[in-house]
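For reference, the structure is listed below as structure tokens.
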Amino acid sequence: MSDAPLYLEAQLDRTPASLLRSAAFLHTLVDALGSPLNVILPEQIAQNADRFGSVLHRHQLAGRVFFAHKANRSSALVRRLTTTTAGIDVASLAELQHALGAGFTADRIIATGPKDPEFLWLAARSGVIVNADGAAELLMAARLVRAYELPRLRVVLRLSEFETSGARVLSRRSRFGTSVKALGDLLDILDAQQDSLEPIGVGYHLDTTGLDEKASALEGCLRAVEELRLRGFGPRAIDVGGGFGVNYLADGAQWDRYTSALTTAVMGGRAPMTWGGHGYGLRAENGTLKGALGLYPAHRPLAGAAYLDELLSRPALGLGRPLGTLLLESLCDLYAEPGRALVDQCGITLGRVLEVRDSETGERLVRLAMNTGDVGLEDHGVLIDPVLVRRGSAPAENESPVAVHLMGNLCLESDLITRRTVFLPALPQPGDLLAFPNTAGYCMDFTATGAQQQPVARKVAVSEAGDSWRWCLDEQYWPLTATVGRTESDSGGRTA
């Protein structure tokens, strides 16, 4: 490649940054537990939950933030969250079982996603809130409640396809929810099932990060609440779903420079920046740039709790006043279901370097003891540089940045850890580690498989203990290890 290195350096909070400087500790973990390895920071999720809670407090709103469990399977994260005021959003029978087993009570669980009868039965039997996707789920839930003589089930109606009285806002179509135009049909069902179902609110699901679209949907939910009240129901919550985002990169200028250079490379104005000329959705046709960049906006200064704050501060397009004020006046609690945003900075994936060699065309190839399913950053369109963690030896004085291609350990041409050329501060050596930061949100186990009988990454939970680190297997973590002094052997050991 030409020109200066194109870095995409990670945004790191103090704790994960400190962990990445603890090379001996990280190597000890991988030596003992294998590569790949997922390292979990449970305390971070508690801090993130506090940030979201502070936004509700700032807007004088009651409500609850529910962690979208599908973002990560970690038991440590779920168990640590039980000690906060947050709840959990479960989207499968196994996730509901996990949440109940971790210590969540029914009043802090909301069930979303497609529901089979077993999932819906346990939700109704345990008394969690059900976020109903449509008429069929409402009717199935009512039948289960009656058949098993269960208490009335609290339900939230998930709506879609909102319209406003102001400027028209275009929204990407979602396969979830019921059109707000069919709200009357849902209310007819609820009228007929009053002995079984208690509608406590409405919500939305949007496949977008656009504030205008979310503001439009929230305004539509406020209007829907009034329709429920006119029909004699007592709704008391509005669910704004997730999609609050994460700021993955430390430097916005690096992101702008990379995406501009990628466009130039696709058009043939510079050397290819990816394996096989992959364009991340861009292509050149007859000298014209076609397609759309299919990448997550990795530098997002407005993300997480700050994004929710901005949404609540935004004036409603049709009603004029801030949405947070309108929520307060409607006497509605706010529900939110962040996934990625709630596990921001909560995990790092480690991969051991197995081989470094040059291709026939002069490209540097680095093969890792992991595959593309173990660190699904690119599956989610996230471009972020790994951190080189040397094994023992100090870097040589003459080391300089090097462009590499990161390859996985499967016998597949497509097994590329990154399709793009990655710049590292120096050439790694076999035995070194590459640490992929901020992988806890969807990128650890959402795509992991046991292909070719390669081991799936284990998880360990770590926490700081003065100038050293404590660790235990993820499934052995319980919140009391964070609050009650335990011995070194109790917690799985510690390394300076």
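The values are calculated or read from the model by the stated rules, or taken from the named source; none is laboratory data. Small disclaimer: the values here were computed from a predicted structure and weren't measured. Positions of Cβ are backbone-derived with ideal geometry, glycine not excepted, and every protein chain shown enters the neighbour counts. We work out accessible area using only protein heavy atoms, side chains counted, and drop any ligands, DNA or RNA first. Shrake-Rupley method; radii C 1.70, N 1.55, O 1.52, S 1.80 Å.
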Every pair of residues 6+ apart whose Cβ atoms lie under 8 Å, when the first sits in the stretch 235-262 and is farther than 30 Å from Val156 by Cα while the second is in a helix (DSSP H, G or I) and open to solvent by 10 Å² or more (accessible area, probe 1.4 Å):
Leu249/Trp255
Helices (runs of 4 or more DSSP H) completely within the stretch 30-123 that count 3 or more residues being open to solvent by 10 Å² or more (accessible area, probe 1.4 Å) and out of contact with any strand residue (DSSP E or B) (no Cβ under 9 Å at 6 or more places or on another chain):
42-58, 93-102
Please verify whether the stretch 336-359 includes one or more residues that are within 26 Å of Leu412 (Cβ to Cβ), at pLDDT below 95, among the acidic types (Asp, Glu) and surrounded by 15 or more Cβ atoms within 10 Å (Cβ to Cβ).
no
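Check every one of the strands (runs of 3 or more DSSP E) wholly within the stretch 226-303 and list those with 2 or more residues that are open to solvent by 20 Å² or more (accessible area, probe 1.4 Å). Steps first, answer last, please.
Values: elements: 237-239, 282-285, 288-291.
By residue number, 282-285, 288-291.
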Scan the stretch 290-308 and report the pairs whose first residue is closer than 22 Å to Leu262 by Cα and whose second residue is open to solvent by less than 50 Å² (accessible area, probe 1.4 Å) and among the aromatic types (Phe, Trp, Tyr), with Cβ atoms within less than 7 Å and a gap of 6+ or a chain change.
Leu293/Tyr280; Gly294/Tyr280; Leu295/Tyr280; Ala298/Tyr248; Ala298/Trp255; His299/Trp255
Could we say that Thr439 is touching a helix residue (DSSP H, G or I) at 6+ places or on another chain (Cβ under 8 Å), β-branched (Val, Ile, Thr) and surrounded by 13 or more Cβ atoms within 10 Å (Cβ to Cβ) here?
no
Is there a residue being touching a Cys at 6+ places or on another chain (Cβ under 9 Å), open to solvent by less than 30 Å² (accessible area, probe 1.4 Å) and of a type in the set (Gly, Ala, Ser) anywhere in the stretch 372-381?
yes
Based on this model, can you work out whether Ala141 counts as buried (at least 17 other Cβ atoms within 10 Å of the Cβ) and either farther than 29 Å from Gly347 by Cα or among the acidic types (Asp, Glu) (or both)?
yes
